[in-house]
Each structure stands twice: as structure tokens, then as C-alpha cells.
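The values are calculated or read from the model by the stated rules, or taken from the named source; none is laboratory data. All figures in this text were calculated on a predicted structure; none of them were measured in a lab. Cβ placement follows ideal geometry from the backbone for every residue including glycine, while neighbour counts extend to all protein chains displayed.
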Amino acid sequence: MDFKKVLKERRSIRRYSSKKVSVSDLTAVCEAARFIPVAGNIYTVRLVIVSDEKKKEQLAEAALSQDFIAKAPFVIVVCSDLKQLRRSYGTRAEIYGKQQAGAAIENMLLKVTELGLASCWVGATDDNAVKRVLKIPEDIQIEALLPLANPLGKEEAKKKPDLSFITYFEKWGQRTAKPAKKPY
Ligand SMILES: Cc1cc2nc3c(=O)[nH]c(=O)nc-3n(C[C@H](O)[C@H](O)[C@H](O)COP(=O)(O)O)c2cc1C
């Protein structure tokens, strides 16, 4: 799929068909998480792949009862291990870790779109409950759950902000680009 189309077609999909997702598609989605920029070349993202029905139900419960999660054949639990990053960057590592997780999540969501599959970035979770279900150590961060499924029908695109709304020129709040001054 053309890159522009992938960007525009990506959306949060929460209604899933009962069709299976192949292991090769699952692998391709997870692979996409590898190719992100990372501070100091320290890779922090870890993925826990869940297909067990009971565990998926427990994850949906841990995600404040967002039941659609359990209907996906796979749930990818995106985590961060910040130990090495903290040794290099101190408290700044908390910010870098979140940014790296976000980059990995978006890469995966774009791959999901390219494959014609469905997912949704689920961030509303009881992190301790997620850790209990999957035996994730206390010092690991839970970043998001990504259900991976086939879509049931087509999802409406959400309205996105205009470029002019999100862009300033030269200083905060300046909406118009002034022509550069002549150097003489
Ligand atoms: C940090 C973050 C957390 C989110 N958490 C949830 C969530 O818990 N449940 C959910 O259904 N969607 C969640 N979403 C998806 C948003 O609702 C969705 O991205 C937004 O409505 C825009 O729609 P779109 O993704 O289709 O463009 C989350 C998205 C982000 C970036």
C-alpha cells in the first residue's frame, strides 16, 4: 500500500470478525516495532503476545472492561524495560522510554493498516492488573495493549486537525510564515 494511503487509512478499530490472524501477519506487525529510532541506541520496548482465551479476557478486564480486546485473536502487550536507559540518561529516561514506546506502537499500527488488519491503541489499563495476568515484573512499564484482529466492516475516519492548526512559524503562536528578511 502507498505510504500516504497507509497514513490516511489507519484508524482505531474496535469491532472484530471471528477470522483468524496468521502467525506471519502477527510477526510482521511485531517486526515493525524493531525499526524505530531509540535514544543512545538503547532499545527499551518489549512485546508480550497473548492468544490464550482466558488471559485475553483477563486483559480486557484489566483494561477497565474494554471487552472488544478479548475478541481479537491476539493481544500484543507493549512494555518498556528502562533499566539500561536509566543508567545512561537518569530521569530523562522516563521521557525517552515513553517516546520510544509511542514510536513502536505507531509503527505497528501502520503495519496493521498496510496488512488490512484491525487494531486499537489501548492505553486505559490497570497496569498492576495487567502485570498480574502476565507475570510481568514490577519494574517493567505497561505502555499499551494492541488487539490484533480482522475488521468487521469499515470504520469511519475521525476528523483530524488542519495543518494550520498544529503549526506555528518561528515562534509559539505565530500562525503565518513571514517572508525572510533580505540580508542587505
Ligand atoms: C495514548 C492513547 C491511549 C488510548 N487509549 C484508548 C483506550 O484505552 N481505548 C480505546 O478504545 N481507544 C484508545 N485510544 C485510541 C483513541 O481513542 C483514538 O486514537 C482516537 O479516538 C482517534 O481515532 P483514530 O485512532 O481512529 O484516528 C488511545 C489512543 C492513544 C494515543
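General observations
- Search result, residues across the stretch 118-166 that are among the small types (G, A, S), touching a strand residue (DSSP E or B) at 6+ places or on another chain (Cβ under 9 Å) and surrounded by 15 or more Cβ atoms within 10 Å (Cβ to Cβ): A118, S119, A144, A149
- Tabulated pairs, the stretch 156-184, first over 19 Å from E9 (Cβ atoms), second at pLDDT below 95 and hydrophobic (A, V, I, L, M, F, W, C), C-beta under 6 angstrom, 6+ apart or interchain: F169/A177
- Residue match in the stretch 99-116 (condition: more than 10 Å from the ligand (Cβ to nearest atom), among the β-branched types (V, I, T) and within 18 Å of K20 (Cα to Cα)): yes
- Being under 30 Å from A157 (Cα atoms), of a type in the set (A, V, I, L, M) and touching an Asp or Glu at 6+ places or on another chain (Cβ under 6 Å) is a condition met by no residue of the stretch 124-136.
- Among the residues of the stretch 44-91, those identified as closer than 19 Å to L109 by Cα and away from the ligand (no atom under 16 Å from the Cβ) are T44, R46, L47, V48, I49, V50, S51, P73, F74.
- Filter pass, I42 being of a type in the set (A, V, I, L, M, F, W, C), over 24 Å from A124 (Cα atoms) and modelled with pLDDT of 95 or more: yes
- Output for the stretch 16-49, where each listed residue is surrounded by 14 or more Cβ atoms within 10 Å (Cβ to Cβ) and of a type in the set (K, R): R46
- Positions within the stretch 31-69 being in contact (Cβ under 8 Å) with a residue 40 or more places away in the chain and in a helix (DSSP H, G or I), in sequence order: E31, A32, A39, G40, K55, Q58, L59, E61, A62, F68, I69
- Hits in the stretch 117-161 - residues which are of a type in the set (V, I, T), part of a loop (DSSP other than H, G, I, E, B) and within 16 Å of the ligand (Cβ to nearest atom): T125
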